[in-house]
Each structure stands twice: as structure tokens, then as C-alpha cells.
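The values are calculated or read from the model by the stated rules, or taken from the named source; none is laboratory data. Everything numeric in this text was worked out from a predicted model, so none of it was measured. No Cβ is skipped: glycine too gets one built from the backbone with ideal geometry, and neighbour counts run over all protein chains shown.
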Amino acid sequence: MAGLLGTSLCGALLGLLCMSAPALAVEVKVPAEPLSAPVGRTAELTCTYSTSVGDNFALEWSFVPPGKPISASHPILYFTSGHLYPTGSKANRASLLQNPPTGGVATLKLTDVHPSDTGTYLCQVNNPPDFYSNGLGLINLTVLVPPSSPLCSQSGQTSVGSSAALRCSSSEGAPRPVYHWVRLGSSPTPSPGSMVQDDVSGQLILTNLSLTSSGTYRCVATNQMGSASCELTLSVMDPSKGRVAGAVIGVLLGVLFLSVAAFCLLRFQRERRKRPKETYGGSELREDAIAPGMSEQTSVRADSSNGLLERPHSASSVTTTKSKLPMVV
């Protein structure tokens, strides 16, 4: 009996000693749920810890981009030996809610958050010789960005009976926007079976197009920060009407060509009739006519008064139709 009482007493004393001894493990607490902050605002990343701060106490905040491992983290700030050292690309926007952070609060303040601030933040407390835990807390932050103006595009044939795809996409938006297509105006809406849309990809499929499918379609991109939209006009053509229209245009062009040709021909004939004819009467003399009884070879004599040249007459070059008269002495 005395042995049992001694053993119980020793166990109770050891328990009291263990309860009275200070805890050596650093305990870090961060929010379990992801955090979010609108772009341009200030984000507070809550981090608390419990330990007896000593001379070797150190606090570090670091950042991991989305999709990267923790080993790829980038430092944001350090606190050690009683001094705060901001560092990295976020240094001018990062600070501590309490400085120095020796009262158990290590909350980080990040002002004017950018879309590139989305990622995982690490709050790590080191307080040697408290090495019985990693003293690490992880916080996921999402920067909320309204959708940018989407771009509307169209692909596929736009003739009667064919299919067409309308697409809509925003280059920015967090969380990722959802898309919804609506048809504007008072025209009848296509049947549900011929109009299928995907809210995630922003694609609208129109099948079995008809002339009533023509119209203006609007795509609206929406997330919790706002919405933006774009519009696209769809024109469905009837191939048979296109062929008839082409034939009519060809006939009209042919008639026009023939009309122009006939007009030009009539005008040419009219101008020809108005042009005077060159005729010569019996009494008219031509300047180049040869006097009767003269041969074509006439003399040319030089005339100093008018600058004309004439040939002197010679017996051999002048002939007459009359006989020579005898000379009277």
C-alpha cells in the first residue's frame, strides 16, 4: 500500500512540473479560408503566434505565385534583431499591422493590391530554441478584378441551313467571368435546340440557320466585381437568292452595254452625215491643172520679185497643137 501511494505521488508531482513548464513549440495561426481583396484596395493577411519571444525571435513573410511550389517563394519582409527589413518587388507596399511584431500579432498589410498579388503568402515565425514545430502558416489571396471589355468574333458559314459559332472572351477578370449571349431587337428568338451556349468558354453555337437568325447578338461577361459586354451582327444569306440576283445583275449589265454601243453608233452616223463632201465642178480650175497643149514638164523660171522659181522655156520642152506660121519679111 505504501508503495502504491509513493508511485501516485511521484506521478502527480511530475504532472504538475510538466504543466508549469513553458511550452517550447511555436504555434502560428492563420485564416483557414482563402482571402480576397478588390484591385487597388488594401489587403490584411492575419497571422498570430504564441511563444515566449526571446533575443533570437525572427519573422518572415514571403510570396509564392500561383502554380509554383513553396520552395519558389519570394521574400516580402523580415523582422529580426528588433528591425524590419522590407524587400522584393512588394517592399514599398508591404508593412506590419503591429511593429515590432513581438506581441503575438504578425499581420501583413499590402496596399494598392495588383492582379499579380494573387497567390500564396507564407507567415513564418522562428524563435530558437523553439524548434518543435515549423511555425509556418499559409494564406491564399485572390485579387478581385472586374471583367475587361470582351471581344466578340464569328466563325463558320452564314448561309441558310449551315451552322455558325459566336465567341466571346475577356482578357482580364478575377474570378474568371461567366458569359451569357442574348439576342437584341424584336425578332423571334431561335428555337432552343438551334441555339446552344457555353457560359464558361463564352461560345454560342447556332445550327440550321434561317433568314430569321439574322440580327444583333450581345455577349455579357460577369463576375462578382462587375460586367462588360460586346455585340456582333449576324447576316444570314440565301444562296438561291444570291444566284438569282447575280443573273439579274448580269442581264442588266448586258442591256446597259448594248445601249451604250447603240448610242455610240447612232452618234457616229449622225456626225458623218453632217460632214461636207469635197466635189469639183466643170468650170473650176485646179492649181495643179496643166494648160491645154502643154506637157506635164513645164519650165521653171526664177522670179526674183516673189522668190518663185520657173524653168525657162525651150523648143524641145514646148509643144503646141497648131502648126508653125511662116515668118513675113
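Within the stretch 38-58, being assigned to a loop (DSSP other than H, G, I, E, B), surrounded by fewer than 14 Cβ atoms within 10 Å (Cβ to Cβ) and modelled with pLDDT of 95 or more holds for G40, R41, T42.
Are any residues in the stretch 99-122 hydrophobic (A, V, I, L, M, F, W, C), part of a loop (DSSP other than H, G, I, E, B) and more than 35 Å from the chain's Cα centre (by Cα), and if so, which ones? First the steps, then the outcome.
Of the residues in the stretch 99-122, the ones hydrophobic (A, V, I, L, M, F, W, C) are 105-106, 108, 110, 113, 122.
From what is left, the residues that are part of a loop (DSSP other than H, G, I, E, B) are 106, 113.
Across the stretch 99-122, the qualifying residue is only A106.
Test A164 against the stated conditions and say whether it is over 26 Å from L141 (Cα atoms) and surrounded by 18 or more Cβ atoms within 10 Å (Cβ to Cβ).
Numbers: over 26 Å from L141 (Cα atoms): yes; surrounded by 18 or more Cβ atoms within 10 Å (Cβ to Cβ): yes.
It is true that A164 is over 26 Å from L141 (Cα atoms) and surrounded by 18 or more Cβ atoms within 10 Å (Cβ to Cβ).
Applying the set (1) modelled with pLDDT under 95; (2) touching a Phe, Trp or Tyr at 6+ places or on another chain (Cβ under 7 Å); (3) closer than 30 Å to T80 by Cβ to S133 leaves exactly one unmet item: (2).
Working carefully through the options L211, L206, L234, find the one that is in contact with an Asp or Glu (Cβ under 7 Å, 6 or more places away or on another chain), surrounded by 11 or more Cβ atoms within 10 Å (Cβ to Cβ) and either aliphatic (A, V, I, L, M) or at pLDDT 90 or above (or both).
On the way: L206 fails: in contact with an Asp or Glu (Cβ under 7 Å, 6 or more places away or on another chain); L234 fails: in contact with an Asp or Glu (Cβ under 7 Å, 6 or more places away or on another chain).
After ruling out the rest, the residue left standing is L211.
Take P147 and tell me if it is assigned to a loop (DSSP other than H, G, I, E, B), in contact with a Gly (Cβ under 8 Å, 6 or more places away or on another chain) and within 30 Å of S170 (Cα to Cα). Considered against the rule, which asks whether it is assigned to a loop (DSSP other than H, G, I, E, B), in contact with a Gly (Cβ under 8 Å, 6 or more places away or on another chain) and within 30 Å of S170 (Cα to Cα), P147 comes out as yes.
Candidates are the residues of the stretch 66-98 that are surrounded by fewer than 13 Cβ atoms within 10 Å (Cβ to Cβ) and within 15 Å of N140 (Cα to Cα); the one that is farthest from the chain's Cα centre (by Cα) is I70. Among the residues examined, V125 qualifies as in contact (Cβ under 8 Å) with a residue 24 or more places away in the chain, part of a strand (DSSP E or B) and within 19 Å of T51 (Cα to Cα).
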